[in-house]
Amino acid sequence: MPTRPAFHSPAPTGTPARTTSRCTTRALGSLAGLVALGLLVAGCTAAGSTKSVGEPKSGGTLTYASGDAEPSCLDPHVGGNFPQALVSAQYLESLVSRNSTGQIIPWLAESWVPSADGLTWEFTLRDDVTFTDGTVFDASAVQANIAHLQDPTTLSSTGYLALGKVTGTEAVSPTVVRFALSEPDSALLESLSQPWLAIESPAALERSQDDNCAAPVGTGPFIVESWVKQNAITLVRNEDYVSPPADAGHSGPAYLDTVIWRFIPDSASRYAALQSGEVDVIDNAQPDTIVQAEQSDSIEELDSPRPGSSNRIELNSGQAPFDDVRVREAFIRSANVDDAVSSLFQGTATRSYSALSSVEPTAVSNAALFAYDPAAAGTLLDEAGWDETDADGYRIKDSVRLTVEFPVSTNQSIPAEQSVFEQIQATAKATGFEVKLRPMDLSSWYAALAGNDYDAVSAPYTKVGPDVLRILYHSDSIVPAPSGYFANLAQVDDPAIDELLTTAATTADAAERASLYSDAQDRILEGFYILPLYDQQNHFLLRSDVIGLRTLPTVAVPTLYDAWLNR
Amino acid sequence: MSDLEVQTGLSAQSRQSGPSRRLGVAEATAGVLALLLVASAVVPQLLAPGDPFAIDPLSAFQPPNFAHGFGTDESGRDIYTRVVHGTQYSLVIGAAATAIGLGLGIVLGTLAGMLGRVIDFTVNRFLEVLFAFPGLLLALLFIVIFGPGVVTATIAVGLSTAPGYARIIRAQLITVRSQAFVEAATVLGRTRWQILLRHILPNTLAPLFVLATLGIGQAIVWAATLSYLGLGAEPPTAEWGAMLSAGRTYITSAWWMSFFPGLFIVLTAVTATVLGRSIDRRMRHV
């Protein structure tokens, strides 16, 4: 069947300037004389391939090696974490998607209209889509999925929270579904674009949860064929596939016959497997291997920071010593983050000065607030009463040492990031902070947070759109969920911020909403509640004969739909 | 020199002049290394005057050169300084763990060897249950219960080596107990505890010294293993196992980060083993 040219405009991923410019420079060399800027962009976003690659070829098996944990359930409705999103994007699809400029674009829903009061939304669905088990995709299928997400026995966390304002759904016709809301939700479309709210076959959802977890059924370009736990998931092509999102590179079925989805937790082994050609794509690439890969002709890089929050250290303002804004500012001024990031990430990560990811168009950045200034930090500590020093060089006040408990989840922080924390520990010591780094496993880490046994913590949060600010900094989020977890780990309790975030979440006008989020971010940054480090890193390395791999601009998971093997 | 000559030489040696007073090359090297390691542990500042925690981000990942003999790590810390300062952790953990293991072994072995059949049977079955677990698994179990850290790792290694020591001590006790001088003491009306303290224990302790020297090498390796797994020393402590673990991530780009800590773990373990065997050989000839 005819295929469209393998480029798409605008660029499909939120690729930061650094990678793009590197690609562009290389591309200029090899593609000198070619006029279409679109080709340049495509050359970069299609995994940095700069060679003229010709027409896409169908066939072949691609092996993907993930460094994330193996999910316990392949249905992202259940729980809802990033490892699930990575693999489920290959076989499940959402109602809407998002393009690289942050606009919501059609996917399984062709169009949507909110009511004037913002309390009902009507989605018009595609009428030509069938689930891979033969069930027809229609309004009742959407209803079944919303019901499944909101059913407490599903144990959904991410999807459940995202649908917090949805009170019910109604099938107006087979192709029109109406959502009823308790109050206007300006983040509804962003929420629905996430892989954790993907649409599954209602017939498949009626099976037991174990069966559905083992092989969820969707409308996506691939089908889950088998899953050998602790080993690999095998996906095969959906021959009847018709529903790519509006920004995809081609139409019709995917090019690849089969995808083998493996799990290799050790980063050095994962990179070795890629080097030897045993696997074709790896995720969670470490900075030093990315730098090595830049010198290699057979390996390319795809950099696609995750949306939602930036990666930052949150300072617990709910207890001493960080209940004093001067001590928070002193800590931030005493931490030499720039040198740490440049030495450890070796140019693969850009310093952030924002609460939000750089892919969020509403992100506010303020570098002046986070400059390394040990002298100013010392003065601030003097003013705050921490004006004496003990024998080890740490500040003391009322004979209590200025100690910062910093639990670190070794499952969530890559080694380079743990080293960043060590360097912050060393530079903050010069000002008189005793930072106690506590590496621990995930469950101990959750326990430390739930027990309020921390002064600083790093816990990035992925969500599409600026509504993530409400989850992270609204005082309601200090109240723990039944699981004991609360997202407002900085324990920001500021009525003005609450007011801004609540209003923004119900404001439909895009400009007004952006302005409210901008004000809220100013207050958060100026309150020195967080120390932004960099975007949530999301680097992929791939064999250079893998063409057309891109990430979905929703939560930056890769999609293998456009990918093909040039071998 | 023919094989025959070697053999006659050896037998003549053992028969006539007792142990050789000459040091082999391996023993001499091990002796010098042991002295250096002890010096590193006691006065690290003498051999490496720098601060093992001093970071220098701008000179990170430097391969071995004149300024940094062993190179630098991901934060620009000098690996030579860290390896030297790390000796004290490894030696202290190794010695303390061996002491714990031996202490427990002596208590259990003495109970089994001295207090009659019922206790002997009970202690033996208990030791067999412990033997069913590989030693490291026992250590892991202990750390899971009591949480990671240098102290728990030390105790864990000590505990997991105790059953082995207990067995050997029990066997040694039983051998010594049946010797003529013990029977003589019994005939003379000494109490059981007097015999144990005055006659039996002193005669079992000599082999224990050899065991301890050999055990330190093993304990150091195990303690480094636990730190490598993230269950012992916490970063950025300059402990060899923890350094090895930190270097593993960069093994394809910065081999020196894991090579030098690894080299020192091996050197220390080999040194302890060579010295232990050498002492063993000499004592057998006495």
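Of note:
- Inter-label distance, nm, simple model (7 Å from Cα along the C-beta direction), B:Arg277/A:Ser399: 5.7
- DSSP loop GluC sites (Glu not before Pro) with at most 15 other Cβ within 10 Å: longest gap in chain A: A:279-567
- With K and R counted +1 and D and E -1, the other residues having a Cβ less than 15 Å from that of A:Ala180 yield a net charge of -3.
- Pairwise FRET efficiency - B:Phe66 versus A:Thr506, Cβ, R0 = 41 Å, nearest 0.05: 0.05
- Cα-projected label distance for B:Val144 with A:Ala272, points at 7 Å along beta-carbon direction, nm: 2.7
- Relative to the dominant Cα principal axis of chain A, helix A:325-334 is inclined by about 80°.
- Stokes-Einstein diffusion coefficient of chain A, Kirkwood radius over Cα pairs, 25 °C, 0.890 mPa s, in µm²/s: 100
- The angle between the Cα long axis of helix B:3-12 and the longest principal axis of the Cα atoms of chain B comes to about 60 degrees, rounded to the nearest 10.
- C-alpha long axis of helix A:17-30 to longest principal axis of chain A, angle in °: 50
- Among B:Ser40, B:Ser59, B:Ser160, residue whose mean-square fluctuation peaks in a GNM of chain B (springs only between Cα atoms under 10 Å): B:Ser59
- Per-residue ³J(HN,Hα) for region B:66-72, Karplus 6.51 cos²θ - 1.76 cosθ + 1.60, θ = phi - 60°, Hz, x for Gly and Pro: 5, 6, 10, x, 9, x, 10
- Chymotrypsin sites (Phe, Trp or Tyr not before Pro) restricted to DSSP loop in region B:20-80 with at most 16 other C-beta within 10 Å: B:Phe66
- Loop-resident sites, region B:189-256, for chymotrypsin sites (Phe, Trp or Tyr not before Pro), counting at most 11 other Cβ within 10 Å (DSSP): none
- Relative contact order, whole percent, for chain A stands at 20, derived from Cα pairs under 8 Å and 6 or more residues apart.
- Taking θ as phi - 60° and the Karplus parameters 6.51, -1.76 and 1.60, the scalar couplings of region B:73-89 work out to 9, 5, 9, x, 6, 7, 6, 4, 4, 5, 5, 5, 5, x, 4, 4, 4 Hz in sequence order, x denoting glycine and proline.
- Available extension along the chain between A:Ser515 and A:Ser226 is 99.2 nm, counting 0.36 nm per residue and deducting the alpha carbon span.
- Furthest towards positive pole of dipole, A:Gly59, B:Phe126, A:Pro321, structure part the protein assembly as shown, Cβ charges: B:Phe126
- Charged neighbours of A:Gln103, selected by a Cβ distance under 12 Å, balance to -1 (K, R count +1; D, E count -1).
- Local electrostatic count, A:Pro495, Cβ distance below 13 Å [Lys/Arg +1, Asp/Glu -1]: -4
- Amide H contacts under 5 Å for A:Val408, placed H, 5+ residues apart: A:Arg438, A:Met440
- Amide H contacts of A:Thr554 (H built 1.01 Å from N, under 5 Å, at least 5 apart or other chain): A:Arg98
- Taken along the Cα-to-beta-carbon direction at a fixed 7 Å, the label points for B:Glu128 and A:Thr61 span 4.9 nm.
- Only helical runs count toward this figure. For chain A, summing -39,500 (n - 2.57) over DSSP H runs of n ≥ 4 and dividing by all residues gives -8500 deg cm²/dmol at 222 nm.
- Excluding exposed DSSP-loop trypsin sites (Lys or Arg not before Pro) (at most 12 other C-beta within 10 Å), longest clean stretch of chain B: B:23-286
- Between B:Leu23 and B:Arg190, the FRET efficiency estimated from the beta carbon spacing at R0 = 41 angstrom works out to 0.50.
- Placed amide H near A:Ala254: partners under 5 Å, 5+ positions off or other chain: A:Asn238
- Average Cα contact separation per residue, chain B, under 8 Å, 6 or more apart, as relative contact order %: 23
- Region A:311-534 - charge dipole about Cα centre, Lys and Arg +1 at Cβ, Asp and Glu -1, debye rounded to 20: 540
Coordinate-derived values only; no laboratory data. Small disclaimer: the values here were computed from a predicted structure and weren't measured. Counting neighbours? That spans all protein chains shown, and the Cβs are built from the backbone with ideal geometry, glycine included.
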